[in-house]
Amino acid sequence: MTQWWPWQPDVRPSSFAVIGIGRFGGAVCEELLNAGAEVLAIDSNQRAFEELRQVCPGFEARVVDCTDEEALRASGAMDVDTVVVAIKEPLEVSITATLIVKEGRDSQVRQVIARATSTLHERMLQRVGADRVVFPSRMQGSRLGRELVRPNLLERLRLDDSNGIEEITVPPAFVGQSLRDLNLRRNYQVTVLAAGPANRLTFNPPASTVLGQGELLVVMGSYKALEALPSA
């Protein structure tokens, strides 16, 4: 049975709502939930939650008409920090939901990320206030979920089921420190492959390399170790 969220009407710093729990929206939810984020899943069909419930049984859900402003407000979708509108079609539902959560009365949503199916759809979503528009063919739901909980993550390369390589923006906690001081192999169990400005990365950088704000860091390690790196 779906658990219902005793939602509080205040914006929580890491609170998310995902509207449209299909393959893409479900992948976003799963990644957020696995990272321990607070997620409200919304769809107009109760059946949409069944597959997600098999892997994340404790998630919070609402069955809502996403074109109804009062229903979305009552669900709590307008009280979170970030909303992902993952609806594929009909286009008018996707566009209306985006407009409501972004511009609706008393909305406290700071960021709306909407899924588009065409260039025209993208332009329409931008017109009604979407802060960011993504195409599933360019960005899978799981990757978007990782980006939301780890905003400094730029790209991840999967090596096997346990290990990968990540390119991240240097976290604030690392800025101004040398690789020798950070000793990422000992302290975070990751290996530094490259570091520096995006247009001139230094591969196999020396320990004396000092990391600067806005620079990139390419590291390799287990997924568990990579997730433990500080966020932006």
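The values are calculated or read from the model by the stated rules, or taken from the named source; none is laboratory data. None of these values were measured; they are calculated from a predicted model. Quick reminder, even Gly has a Cβ in these numbers, built from the backbone with ideal geometry, and neighbours come from all protein chains shown.
Filtered by the rule that a residue be at pLDDT below 90 and farther than 26 Å from Ser231 by Cβ, the stretch 23-44 gives a lone residue, Arg23. Scanning the stretch 179-192 for residues that are touching a residue at least 12 places away in the same chain (Cβ under 8 Å), surrounded by 13 or more Cβ atoms within 10 Å (Cβ to Cβ) and assigned to a helix (DSSP H, G or I), we see that the one that is nearest to the chain's Cα centre (by Cα) is Tyr188. If only residues of the stretch 193-212 that are over 17 Å from Arg180 (Cβ atoms) and exposed (fewer than 11 other Cβ atoms within 10 Å of the Cβ) are counted, the one that is modelled with the lowest pLDDT is Asn199. The conditions of being at pLDDT below 90 and among the small types (Gly, Ala, Ser) are met by Ala225.
Taking the residues in the stretch 157-168 that are within 14 Å of Glu227 (Cα to Cα) and in contact (Cβ under 8 Å) with a residue 12 or more places away in the chain as candidates, determine which candidate is surrounded by the most Cβ atoms within 10 Å (Cβ to Cβ). Across the stretch 157-168, the extreme among qualifying residues is Glu166. Counting the residues of the stretch 34-65 that are among the acidic types (Asp, Glu) and either surrounded by fewer than 16 Cβ atoms within 10 Å (Cβ to Cβ) or under 17 Å from Arg23 (Cα atoms) (or both) gives 4. Count of the stretch 66-94 residues, restricted to those that are surrounded by 22 or more Cβ atoms within 10 Å (Cβ to Cβ), out of contact with any Lys or Arg (no Cβ under 8 Å at 6 or more places or on another chain) and over 13 Å from Ile21 (Cα atoms), is 2. If you take the residues in the stretch 64-105 that are touching a strand residue (DSSP E or B) at 6+ places or on another chain (Cβ under 7 Å) and free of Cβ contacts under 8 Å to residues at least 60 places away in the same chain, which one is farthest from Phe135 (Cα to Cα)? If we take residues in the stretch 64-105 being touching a strand residue (DSSP E or B) at 6+ places or on another chain (Cβ under 7 Å) and free of Cβ contacts under 8 Å to residues at least 60 places away in the same chain, then Val64 is farthest from Phe135 (Cα to Cα).
Please indicate, with yes or no, whether at least one residue in the stretch 167-178 is modelled with pLDDT under 85, among the hydrophobic types (A, V, I, L, M, F, W, C) and in a strand (DSSP E or B). Checking the stretch 167-178: at least one residue is modelled with pLDDT under 85, among the hydrophobic types (A, V, I, L, M, F, W, C) and in a strand (DSSP E or B).
Of the helices (runs of 4 or more DSSP H) contained entirely in the stretch 9-112, not one carries at least 3 residues that are outside the structural domain of Gly129 (by TED's automatic domain parsing). Screening Arg138 on (1) modelled with pLDDT under 85; (2) more than 21 Å from the chain's Cα centre (by Cα); (3) not assigned by TED's automatic domain parsing to the domain that holds Ala207 shows it passes everything except condition (2). Against the numbered list (1) surrounded by fewer than 17 Cβ atoms within 10 Å (Cβ to Cβ); (2) in contact with a strand residue (DSSP E or B) (Cβ under 9 Å, 6 or more places away or on another chain); (3) among the small types (Gly, Ala, Ser), Ser118 comes up short only at (2).
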